[in-house]
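All remarks here apply to the structure that follows.
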Amino acid sequence: ILGLALNDCTWRQASLPVSQGGLGLRRAAMHSAGAYAVSLAHSSALVASMLTPRRCRPPAVDSALTLLNSLSDSNFTFDELTSTTQKTVSHSIDIKSLRLLCESATNPRERAHLGSVTHARSGDWLNALPSKALNLHMRSTEFRIAAKYCLGMAGFPEDAICPVQTCQQPNDKFSAHAVTCAYNEARIGRHNRLRDTIFKAA
């Protein structure tokens, strides 16, 4: 979709839920152990009632629990999983993944970026339903730029100067200036169009 390769840190962020600054592209390798362990735990009573002799603990659960607890922020036991939802387990995995991602941030820009994309409701644009009738949709090129910005990736091949003659401020390849340039109401133009659309409809 983005047209370029993602490094490990970028993939880790993309695999987080939208509410935690990611794109919601869950990785099976991260969540499969939790899904399997929860499924075993929830079905253990039924399975035990059908087996002879009765076994309340499936033999394959220990390795799944070990893997799950190495990936999650909690230390789950089999008995706890019998009353725990998979959503709760996945959330614990996401929490640890986000913490490791924040700990791996090597400079102030990366830390500021992660702080902003994990802020409440910052990812709502990914959950909004596109509507051409209300001009609430993105072209593919716009989505690529927005997704790159969300993931902290470079939107331009190199640093440059703002092309607007009345601005001429330095713009780094990570779009720091591009999202704050005040030329022609660039920062609030979308807000104003939405306001006008709602006004006309009312």
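The values are calculated or read from the model by the stated rules, or taken from the named source; none is laboratory data. Note that this is a predicted model, so its numbers are computed, not measured. Ligands, DNA and RNA are excluded from the accessible area calculation, which covers all protein heavy atoms including side chains. Shrake-Rupley method; radii C 1.70, N 1.55, O 1.52, S 1.80 Å.
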- Query: Using a Gaussian network for the chain with springs between C-alpha atoms less than 10 Å apart, which of these wobbles most: 29, 154, 14?
  - Reply: 29
- Enter the accessible area per residue of the chain (Å², integer; probe 1.4 Å; all protein chains in place). 66 Å²
- Message: Going by amide H atoms built from the backbone, whose H comes under 5 Å of the H on residue 136, apart from near neighbours?
- Response: 131
- Item | CD proxy at 222 nm, helix term only [per DSSP H run n ≥ 4: -39500 (n - 2.57); per residue of the chain; nearest 500] | -15000 deg cm²/dmol
- Query: In the range 74-191, carbon and sulfur make up what percent of the accessible area (probe 1.4 Å)?
  - Reply: 56 percent
- Query: How large is Rg/Rh for the range 11-144, to two decimals, with Cα atoms and a Kirkwood Rh?
  - Reply: 1.12
- Apply the Karplus parameterisation 6.51 cos²θ - 1.76 cosθ + 1.60, with θ equal to phi minus 60°, to every residue of the range 163-172 and state each ³J(HN,Hα) to the nearest whole Hz, in sequence, with x for glycine and proline. x, 5, 4, 7, 10, 6, 7, x, 10, 7
- Message: Rg/Rh for the range 78-202 to two decimals, with Rh computed the Kirkwood way over all alpha-carbon pairs.
- Response: 1.08
- Item | Long-range amide H partners of residue 171 with built H, under 5 Å | 160, 161, 162
- Its Cα gyration tensor gives the range 1-45 an equivalent ellipsoid whose semi-axes in whole Å, largest first, are 29, 11, 8
- Could you tell me which of rounded, prolate or oblate describes the range 109-151, using a ≥ b ≥ c as the square roots of the eigenvalues of the alpha-carbon gyration tensor, with rounded for a/c under 1.5 and, failing that, prolate when a/b is larger than b/c and oblate otherwise? oblate
- The answer for the chain, counting only DSSP H helices whose Cα atoms cover 24 angstrom or more along the axis and whose Kyte-Doolittle average is -1.0 or greater, is 28-50, 86-103
- Query: According to the Cα gyration tensor, what semi-axes, each the square root of 5 times an eigenvalue, does the equivalent ellipsoid of the range 1-81 have, listed from largest to smallest in whole Å?
  - Reply: 34, 12, 11
- Under the Debye formula (equal points on every Cα, no solvent term), log10 I(q)/I(0) of the range 86-133 at q = 0.14, 0.20, 0.26 Å⁻¹: -0.51, -0.82, -1.00
- Message: Rounded to the nearest angstrom and ordered from largest down, what semi-axes does the equivalent ellipsoid of the range 155-202 get from its C-alpha gyration tensor (root of 5λ)?
- Response: 29, 11, 6
